[in-house]
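The values are calculated or read from the model by the stated rules, or taken from the named source; none is laboratory data. Note that the structure is predicted; figures quoted are calculated from it, not measured. Cβ placement follows ideal geometry from the backbone for every residue including glycine, while neighbour counts extend to all protein chains displayed. The protein model used for the area step is the full one, side chains on, heavy atoms only, and it has no ligands, DNA or RNA in it. Shrake-Rupley method; radii C 1.70, N 1.55, O 1.52, S 1.80 Å.
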Amino acid sequence: MATYSLTTPNSIRATGALRYLIAAIFVGFCLFPFYVVISTSLKIESDIFAWPPRWIFRPIWDNYEAALFVFGGSGVLPFLINSIIVTCVSTILAVGLGAMVSYGLTRFRVFAGHHIFFFILSTRFAPPVAFVVPLYLMLRQVGLLDTHIGLILIYTSMNLSLVVWIIRGFFESIPIEIEEAARIDGYTHLQVFTKVALPLVKPGMITTSILSAIMAWNEFLIATIMTQSNASTLPVYLGGFSGSMGLEWGPYMAVGAMAVLPIMIFTLVLQKHLVRGLTFGAVR
Amino acid sequence: MNSAKGAKRRKFRTSALAATCLATAFSAPVIAQEESILGGETIRIIGIGDPVFQAMQKFHGEMEEMTGGTIQLDVRPFDVLRQQVLLNAQNSTSSYDIIAVDLPQFGEYKPFLTDLDGFIDATGYDGSDFHDVAWSGAQFGGAQLGIPLQPHPEIFAYRTDIFEKYGLDAPTTHEKVLAAARTISEQEDGMSGVCWNAARGTALGQTFIMDMGDFGAAPIDMVKEGDDYLMGDIQPANMKPMIDTEAGKATADYLQALMEVSPPGILNMAWDERVRVYGQGGCAMTYIWAGRSAIFEQDEASPARGNTAYLPHPSGPDSPPKSTLGGWYLAIPNNIDPDRAELAWKTIEWLASPEMIEEYTKYGNCVSPRSSVSKIDSVIERCPVIPHVEDMSIKGELAGWQRPPVPEVQIIVDVLGAEMHQVISGEKPSEEALSDAQSQLDREMRKAGYY
Amino acid sequence: MSQSREARRAATILVSPAVLLLLALNIFPIIYAVYISLHHWSLSSPNPPRFAGLFNYQELWQYDDRFMNALGVSAVFIVLAVGIELLLGFALAFVFNAKLKGLETLRKLSLLPVMAMPLVVGLVWFYMLNENFGVTNWFLTLFGFERLPFLTDGTLAMLSIVIADIWQWTPFVTLVIFAALQSLPEYVFEAARMDGLTEREIFWRITLPLLRPAILVVCVIRAIDAFRMIELVFVMTKGGPGGNTEVLPWYIYTKGFLSLDLGYAAAMAVVMIVVVTVVAQVFVRKIAAPE
C-alpha cells in the first residue's frame, strides 16, 4: 500500500490512473444494485426471469401501477401515506426535543448534566430487537398498538441521540456574546433560545432533520411488530412479502425503488455531515 | 358414513343445487340494484397468498363494484399472516374485520374468535351445502368459529405422460415414488423426481408431520380409533410429543431419500414454487395443495396441463393413504368494533356464497367446499382436481389429525422445520435431530403446563 | 456563579421532555424486560403469565443449542463483515485521498448505499444472488465458473449476507477514514520527511497511529450495528440453511414474535442488552468523550 500520500505531487501523478481505475470499479460496485432495482422494476415478467439476464429491454410502467394500487391486496399507497406521516412527525419531534435538550445542557448548569449527555448518547446503541418485547407490551397496555402515535413516540426516542450529538456542536459554535446581548435587550432565556439561538443553528437542524427522517423512513423491525394495518409503513409492506415473492419481482422492485430513490438524493445532499452524524461526532 | 344420513344429505344437496341455480339465474342482474352489501363502507380483510385470495385480487375492482364499498384486502404469506393475526388479537380494537384462518389454527385462535352461531341463527344461514368435514372442522366446543372458504387437502400429483413413457407404476406408496423418481431423474433430461416443501421453517415442519401421517402416526400422543385419531377431546396427557419414534425415524429416512431425487434449490423450495417448477416440467411429481393445481391446469403453456393425475398422499408400508385436510376459513376476531360485526358477517356470507365460490374457480382457485358448485360442469372442466377431492372425501382418505388443532401446533412445526432442515442439508444425523426435537418439544409442553 | 430562578426554570423546560421520553422508552423497557424474562409469558397461550424464576435463563444456557448457535453465528458475521469492511474501506480511503479531478465526485457517488433502506438492500441482493436467474451467477459463468447455490449452501449463505452488508457499509468506513486522513496536520509529515523517513516508515509510524482513534470508532460502531442486523437475514435466508445464518436478533424475533414466547425472548434480549451496554459504555466514555 504505497499509493498513499498527502503532499507529494509526483506520486499522485504516478498513481493517478490506478486511483481512477480502483475508484471507478468501486463506484460501479456501489451503484450496480441500484441499477438492478430500477431496471427490474421496469421489466416485464419474462425479462425478469430471463437467462442470461437481459440488458436491453422495452421498459414498461405497469409494475409501478400494480405496486401503487394492486399488489398485496390494496397496493402500497396507504402504507406510503403512513410512512410519510410517521417520518415527518417523528422527525419534527426528535429535532425539536433534541435541540431543546442540547441547548439546555450546553448553556445551563443542570443537575448531572454530564451524565444525562452520555446517557442520551448511549441510547444510540440500544439494539431495537432487544427493546421490542417490553415496548410491545407497553404499547398494548396503553392501547397504542397499530397507531401512528405509538410508532412516532418510539422513533422520536430512537433519533434523539443522533440529533443531540450533531446539534450540540452547532450550539457550541455560537458566540456567547450574541446571546448575552439579547439578554440585555430584555429577552428571557427561552426567548433567547427560540429567537436567537435556533435561527443560528438552522443548517444543523436541516442536517439532523434529513438524517432522522431517513432513519424513521428505513426502520423495519419495530414497525412490523407494532403495527398491523392502520399505521403500517412502507417497510412493513415490503417485508410482508418476503419468502413468497415467487413471480412478483416487478411490482416488488417498483416498491423498492420508491423506497430508495428519495433517500439517494438526500444522501448526496447530506454527505458532508454524514461522518459526524453517523460516528457520534467522534470523527469530524 | 351412515347411509341413511348420506341419502338425506344428498337429497338436501339436490334441492340446494336447484335453489342455487334459481338464485344465480335471478340474482346476477339483481346484485347491482339490490341494497349493496357494504353501502359505501370499507371492509378490512387479511388473507393469505393462497389461490382464493389471489383470485380475489384478480377481480378486486369488480368485487368492489358488486358490494358498493371499499374492500381493503391485505394478502400476506403464511408466517406473516399468523403473526399479524396473533398480534392483532392483542390490540384493544381489531384492525381487521375479517381474518383468514387455516384449519389447524382454530385450536390456537379459538380464544379470540367470534362465535358465529349468533349470526347463523339470526340470519337463518344454511351450512348444509358445505362438505361435512369442512363445515364441522371449524366447530369447537359447540361453537362455529369460521365459514369454509378454501378448505382442501395436500395431495400428490404426477405426470401421466412421463410415467407412461417409462412404464412406471402409479406412485401410491413411498416405495413407488422413490423408484419412479430415480428412474426419471436418471433418464429424463432436465427433469427431477419430486418437488416438495423443503424450505426451512413452516414449510418443512408441515411436510414432516404430514409425511409422518403417511406412516399412520400423529405428532402427539392422541387416541387412535381405526385408522384415524380422535380430535374431539384432546386431553393434556395427549400432548406428549411423539417425534423420536419409529414413525419419526421412518419419516426422516424418507425425506433424506427424497433429497436425492429433488430438483436444484430444493432446500429453499416451498408452496407455490414447487407447483410452478412441476408445472414447467422441472419434476415429474409434486406434493401439492389441491387448490393450487390451477397454476398449471389453467396455463396453456404448461406441459403438465391435462397430463396430470391426482392421488392421495403416498403412504408408507402397511398404512392406508391419508391426505391432510387444511385450508382457509373466514372468521371474525372478537375484539372487533361491535358496530362493525354485522358488516363483517354480511361480507363473509357473500364471500362464501355459491356464486362467489364459482367465480373464484375462474381466477385460479381450484377448490369448492360447496357440493352444489362441485357439480357444475364448467367448474370441473376448469379444475379437474375437484372431483378427485370429492372422491377422496367420500372414501375417507382426508383427515386433520396430522396437524392436530392444539395451540402448540405451530411450535411443533417450527421446531421440526429447523431440526429437520439440518438433517436434509446433511449437517446433523437424523437420530440426533429427532431426539433433539423430541426433548425441545417435551420442554415446551411442560412449560405450557400440560404435564 | 449561581443561576437565576428564571434560568433554572428555562433549563428544566428545555431538558425534561427529552429526558422523560427517554426514561419512558429506554430505561423503563430495560427494567420491564428483566421482569418479563422472569415469567412464562406467552401470547399464544390462553393462560396468564406466571412467575418462572430463572427458568428462561437456565433453559438458555443449559438446553438451547439454537441460542448458542445464534451467538456463534452473530460472532462470525460481525468478524467477517466488519473485518472485510475495515480492510476495504481503509484501502479505499487512501485511494480517494488525492486532489484529482473527478475523484471527489466518484467518492460522493460511492456513498449512496449507506442510507438505502436495509430491507431493499436484502431484497436486491437476494434477487441478484438467485441460483437460477441471478446476475451474480451470470458473472461467474462469464468467467468460466460454475453457478453457485448462494442462498442454499450453508457457508455461501453466510457469505451472501456478508457481501450485502459489505456493499452497504464499506463506503461508510471509507468516508470516516478519509475524513480522518484529511484532518491530519500536514506539518507532521513535512517534519518526518525532513528527518529522512521513507514513505513506508511514515505510514507505519505516523499515519497509522494518528488514524487509530478513527479506526476504533468506526470499528466499534460497525460491530454494534452488525450485532443488531436483522433485515438481511429476514429477506435473504430466514436464518437458513439449517441455522447457518441464524443471528441472535433473528432468533429473538422468531421466539418472540413468531412463537410468541415473550418471556423467553425477553431473557435473550436482556443478555443482548448487557453485552451491548458494556461495549457502549466503554466506548462512549473513553473514545467518544469530547476532547
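Quick rundown of the values:
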| item | result |
| --- | --- |
| Prolate/oblate/rounded call for the range B:409-448, Cα gyration tensor, a/c under 1.5 rounded | oblate |
| Accessible area that becomes buried as A packs against C, both chains, 1.4 Å probe, Å², nearest 100 | 10300 Å² |
| Length-normalised contact order of the range C:1-133 in % [C-alpha pairs under 8 Å, at least 6 apart] | 9 percent |
| Kirkwood Rh, angstrom, the protein assembly as shown [1 / mean 1/r, Cα pairs] | 31.0 Å |
| Protein-protein interface of the range A:202-243, residues with accessible area decrease of at least 50 Å², isolated chain reference, 1.4 Å probe | A:Asn218, A:Phe220, A:Ile225, A:Gln228, A:Ser229, A:Gly240, A:Ser242 |
| Where only C-alpha atoms are counted, convex hull volume of the range C:176-268 per residue in Å³ | 138 Å³ |
| Degrees between helix B:246-259 axis and first principal axis of chain B (Cα, 0 to 90, nearest 10) | 90 degrees |
| GNM top mover of A:Gly186, A:Gly75, A:Gly104 - chain A, alpha-carbon springs below 10 Å | A:Gly186 |
| Calculated P(r) of the range B:179-254 - Cα pairs past 20 Å, % | 47 percent |
| Binned Cα-Cα distances of the range C:1-132, short to long, each 10 Å bin given as a whole percent | 8, 15, 20, 22, 21, 11, 2, 0 |
| Rg and Dmax of the range A:72-240, Cα atoms only, in Å | 18.3, 63 |
| Qualifying lysines (Cα of each under 22 Å from Cα of A:Lys43; at least 8 residues distant if same chain) | B:Lys58 |
| The range B:40-188, Cα convex hull volume normalised per residue, Å³ | 189 Å³ |
| Share of Cα-Cα pairs in the range B:107-224 lying beyond 24 Å, as whole percent | 52 percent |
| For the protein assembly as shown, calculated [θ]222 nm from helices alone, where every DSSP H run of n ≥ 4 adds -39500 (n - 2.57) | -18500 deg cm²/dmol |
| Using alpha-carbon coordinates, inclination of helix B:385-395 to the longest axis of chain B, degrees | 80 degrees |
| Candidates A:Thr188, A:Thr227, A:Thr208, ranked by Gaussian network fluctuation over chain A, Cα under 10 Å, top entry | A:Thr188 |
| Set B:Lys110/B:Lys346; B:Lys176/B:Lys395; B:Lys322/C:Lys255; B:Lys176/B:Lys322; B:Lys428/C:Lys238; B:Lys165/B:Lys375 screened for pairs whose C-alpha atoms are more than 27 Å apart | B:Lys322/C:Lys255; B:Lys165/B:Lys375 |
| Estimated inter-spin distance, A:Ala17 and B:Asp169, nm [label 7 Å along Cα→Cβ] | 7.3 nm |
| DSSP H segments from chain C that extend 20 Å or more along their own axis, Cα-based, with Kyte-Doolittle mean of -1.0 or above | C:5-22, C:65-96, C:154-182, C:208-228, C:262-282 |
| All-pairs alpha carbon distance profile, the range B:258-362, 10 Å steps from 0, percent | 11, 30, 29, 19, 11, 1 |
| Percent accessible area from carbon and sulfur atoms, the range A:72-240, protein chains only, probe 1.4 Å | 69 percent |
| Crossing angle, helix B:202-214 versus chain B [Cα axis fit, 0-90 degrees, rounded to tens] | 70 degrees |
| For chain B: Kirkwood Rh in Å [reciprocal of mean 1/r, alpha carbons] | 22.7 Å |
| Prolate/oblate/rounded label for the range C:63-250 (Cα gyration tensor, a/c 1.5) | prolate |
| Max mean-square fluctuation residue, GNM over chain C, Cα-Cα springs under 10 Å, options C:Ile202, C:Ile161, C:Ile252 | C:Ile202 |
| Surface share of carbon and sulfur [accessible, 1.4 angstrom probe, percent] for chain C | 67 percent |
| Relative contact order of the range C:63-250, pairs being alpha-carbon contacts under 8 Å that are 6 or more residues apart, as % | 38 percent |
